[in-house]
Amino acid sequence: MELTHTNGLNRLQELPVLEYEGLSAEENLELRRGGVVVNSLEVVKGWARSNSMWPLTFGLACCAIEMMATGAARYDLDRFGIMFRASPRQSDVMIVAGTVTKKMAPLLRRLYDQMAEPKWVIAMGACATAGGPYVKSYAVLKGVDQVVPVDVYIPGCPPSPPALLYGLNMLQEKIRMEARGKRVTQA
């Protein structure tokens, strides 16, 4: 089997360099010559995870209305493989939509801890990202990232459904990139 393009470039050089840890360099090279790309299962898993996200329904304020509108028929999150779940054990994405008070923070953390790995968090709206208009209140957190690690921030008060779709697409791309071994620090 010949692995060449029509322009004569060797396709073997274009394949990602992934080394199998249990084999020597010569054995890895022999696998690559045979057209075997080791660890490609990780890329497939990343693709599957990014196209079957199940967010936890966790709306705290007016941003939750926009989140529900995004899940309705007009924007139809089902076409992206995104289906809302009511149980944290069935969810892999937490969308924090709204104001997080200091009293709510331990419950938010408990729900996050109940989610199965791998898990991701989206901070939706000005209140979830930085406290919003209530930032000077003694009872409001200055961002949900003080309680759980946040992967994607969506600004706005409240963000529109297309903004949430864009944030979900950013998270999908982040999941795919991490599956390829590329570290994504902030989306």
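Read the figures in this text as sums done on the coordinates, not as results from a lab. The structure presented is a predicted model; accordingly, all values stated were derived computationally and were not measured. A quick note on method: Cβ atoms are made from the backbone with ideal geometry, for glycine too, and the neighbour counts reach across all protein chains shown.
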For the pair PHE80 and GLU117, the simple spin-label estimate (label points 7 Å beyond Cα toward Cβ) gives in nm 2.6 nm
Length gained if ALA130 through GLU42 is fully extended, taking 0.36 nm per residue and subtracting the Cα-Cα distance, is 28.2 nm
If each K or R counts +1 and each D or E counts -1, the residues other than SER52 whose Cβ falls under 13 Å of its Cβ total +3
Pairs over 24 Å Cα to Cα, from LYS45/LYS182; LYS45/LYS142; LYS103/LYS174; LYS142/LYS182; LYS102/LYS174, come to LYS45/LYS142; LYS103/LYS174; LYS142/LYS182; LYS102/LYS174
Here the percent of antiparallel bridges among DSSP beta bridges lying wholly in region 55-171, to the nearest 5, is 10 percent
Where a ≥ b ≥ c are root eigenvalues of the Cα gyration tensor, a/c under 1.5 meaning rounded, otherwise prolate if a/b exceeds b/c and oblate otherwise, region 23-96 counts as prolate
Each label sits 7 Å from Cα toward the beta-carbon; between GLU27 and ARG109 the label points are separated, in nm, by 4.6 nm
If each part is reduced to its alpha-carbon centroid, region 103-135 and region 39-75 end up apart, in Å, by 15 Å
At 20 °C and 1.002 mPa s, the Stokes-Einstein diffusion coefficient in µm²/s for region 55-171, with hydrodynamic radius from the Kirkwood sum on alpha carbon pairs, is 154 µm²/s
